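One structure below.
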Amino acid sequence: MPADQRLKDALRLIIEDRDGKDPGPGNERWFGTTAVHPYNWEELGYAEYFYRRDTMLVRTEDIELVLGALREEPADRQKEDPAGPIIPENVAIDRLPVIDGVTGLVWRYGRTARSVGAGKGGGYGGREFPGEPNGRYDDNDSLSTPNVLARVDRSIGEGVARPCAALPLNGNGHPCPASEPAEVPSSSAAPVPAINSGICCGKHGWDGRGVLVGVVDGGLVEATTHQWPWMEGVYGDPDPAALPGNPIGAYSCHGTFVAGCVRTTAPKAEVCVKRAKEIDWRLYGGMAYEHEIIQRMSDLLDLGADIIVCEFDGATRHHLPLHTFDAFYRRRLRHLNVTVLAPAGNDETHLPTFPAAYTWTIGVGALSADGNTRAHFSNYGHWVDVYAPGEELVNAFGTGKYTCEEEPYEERHFAGLANWSGTSFSTPLVAGMIAARMSGTGENAPAAAAAVLAFAGTQAAPGIGPVLHPHQICGPCHTP
């Protein structure tokens with residue numbers, strides 16, 4: 001079934017080539033980095049996952065094993081793969097440090113402009129790949145990442161080498177996040193859901209005071225922190241797709257809306273928004289590479305974050321977890337009393353997405369506007385830990401003109417608020433509920449999260465699962 005226009009519009013923002021435009025001083029352009037699997041997605045009508053071209057990620061301890069598999073040419077391989085080595089000797093392979101414990105291997109167009117310009121021969125032999133990319137690529141040739149990984153899997157086992165995943169701010173292939181932002185009446189001046197009073201069982205202080213909630217997203221529209229009282233004091237990296245005086249771009253203001261959702265359930269929490277740089281300098285693509293996301297999560301740990309809301313989440317090759325997230329958890333996160341939450345996604349599927357599906361992450365699905373059913377767009381399954389409102393929420397947004405990315409591409413005008421839907425916004429509501437309990441009880445983040453989830457389990461809904469509603473800030477205080 002051919003791809004519908006909605007899918008085409010969404011993927012256009014992600015994978016269209018920049019036509020060789022200079023990314024600017026100090027930036028390292030990766031030739032045609034991002035691709036979608038399957039390569040014939042337009043014909044098939046679906047997208048499974050996004051990845052960086054001609055790049056794989058490997059645990060550092062496995063690097064020699066993988067390099068050997070890529071270059072070796074034993075007799076039994078000749079029979080199975082008559083083409084010879086997986087990557088021939090005349091194609092250079094460079095090693096790329098990614099994060100502690102994970103190394104990238106890049107070849108052909110995966111190599112950086114600086115590397116090619118300097119005439120490097122590659123970190124593992126080979127010669128320069130001839131020619132310059134022209135904006136057109138064959139993502140099904142023998143050296144494409146999926147085909148290289150398939151042969152590596154047969155040689156040394158599935159998942160030893162994995163793609164460098166590009167993760168979206170929304171479900172794969174769907175415009176951000178489950179709907180496009182909608183206008184609200186000019187008389188509106190308050191968020192939906194309403195702001196938590198901070199009072200539980202007659203006691204004040206259930207408001208997140210003293211708790212740092214970090215958000216990894218696309219940045220913050222700073223003007224909203226002066227425009228709306230519940231946004232006061234929120235800080236972070238600026239959102240480059242929502243600059244004053246410019247039209248509002250696709251996927252912009254997402255981090256601002258998320259921060260506002262945290263403040264509705266934890267109005268006194270300290271909220272910091274970190275921007276994960278977008279792939280290929282596509283400000284309006286709503287997507288970042290996994291190692292960039294991890295670096296921003298690490299930044300939040302350096303700041304002392306108690307709770308991290310990772311807004312990037314997506315499907316992966318063979319539904320395997322991500323090397324960078326595995327290393328981040330193993331080497332750093334598991335030693336800290338920090339709780340991580342991520343949206344389950346908006347693809348209406350039971351298939352797991354990462355990082356939401358990790359056992360050490362709280363994966364959050366969305367409830368419908370009336371709170372009685374699962375939102376029609378929400379992912380679901382045993383790996384989703386809890387469901388919270390995620391349909392027709394109202395919160396902080398940019399000011400200006402916005403042109404829709406879906407047909408009929410209508411023009412909308414915003415004045416600092418928007419009505420928006422998605423699991424992206426269910427997630428910060430739950431994060432705020434955890435922060436509110438922390439300030440009210442003195443518990444650390446994992447203990448507070450466990451209590452909140454236990455309460456959600458007591459009111460699990462048939463056909464949905466554990467559910468939470470923002471007005472139930474006080475509910476978990478009775479849960480041991």
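The values are calculated or read from the model by the stated rules, or taken from the named source; none is laboratory data. All figures in this text were calculated on a predicted structure; none of them were measured in a lab. Reconstructed Cβ throughout: ideal geometry from the backbone, glycine too, with neighbour counts over all protein chains shown.
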Taking Leu351 as meeting all but one of (1) within 19 Å of the chain's Cα centre (by Cα); (2) crowded, with 20+ Cβ neighbours inside 10 Å, write down the number of the exception. (2)
Starting from region 224-246, take each residue that is under 15 Å from Arg275 (Cβ atoms) and list its partners that are among the aliphatic types (A, V, I, L, M) and part of a loop (DSSP other than H, G, I, E, B), counting only C-beta distances under 7 angstrom and pairs at least six apart or across chains. Asp239/Val221; Pro240/Leu283; Ala241/Leu283; Ala242/Val221
Members of region 319-347 that are among the hydroxyl-bearing types (Ser, Thr, Tyr) and surrounded by fewer than 24 Cβ atoms within 10 Å (Cβ to Cβ): Tyr329
When you scan region 196-224, how many residues do you find that are surrounded by fewer than 19 Cβ atoms within 10 Å (Cβ to Cβ) and not charged (D, E, K, R)? 8
(1) at pLDDT 95 or above; (2) surrounded by fewer than 24 Cβ atoms within 10 Å (Cβ to Cβ) all hold for Ala182 apart from (1)
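Does at least one position in region 75-84 carry a residue that is at pLDDT 90 or above and of a type in the set (Lys, Arg)? Write out each step before concluding.
Looking only at region 75-84, we keep the residues that are at pLDDT 90 or above, and these are none.
No, because not a single residue in region 75-84 is at pLDDT 90 or above and of a type in the set (Lys, Arg).
Suppose the filter is of a type in the set (Phe, Trp, Tyr) and modelled with pLDDT under 95; does Tyr235 pass it? Steps first, please.
Working: of a type in the set (Phe, Trp, Tyr): yes; modelled with pLDDT under 95: no.
Here the answer is no, as Tyr235 does not meet what is asked.
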If you take the residues of region 91-106 that are assigned to a strand (DSSP E or B) and in contact (Cβ under 8 Å) with a residue 40 or more places away in the chain, which of them is surrounded by the most Cβ atoms within 10 Å (Cβ to Cβ)? Val102
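Looking at this structure, is Val192 at pLDDT 95 or above, assigned by TED's automatic domain parsing to the domain that holds Leu11 and not polar (S, T, N, Q)? Step through it out loud before you land on a result.
Numbers: at pLDDT 95 or above: yes; assigned by TED's automatic domain parsing to the domain that holds Leu11: no; not polar (S, T, N, Q): yes.
Here the answer is no, as Val192 does not meet what is asked.
Which one of these is without any contact (Cβ under 8 Å) to a residue 40 or more places away in the chain and not β-branched (Val, Ile, Thr): Trp383, Trp420? Walk me through it before giving the result.
Numbers: Trp420 fails: without any contact (Cβ under 8 Å) to a residue 40 or more places away in the chain.
The unique qualifying residue is Trp383.
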May I ask you to list the residues in region 282-318 that are surrounded by fewer than 24 Cβ atoms within 10 Å (Cβ to Cβ), within 26 Å of Glu443 (Cβ to Cβ) and among the acidic types (Asp, Glu)? Asp299, Asp302
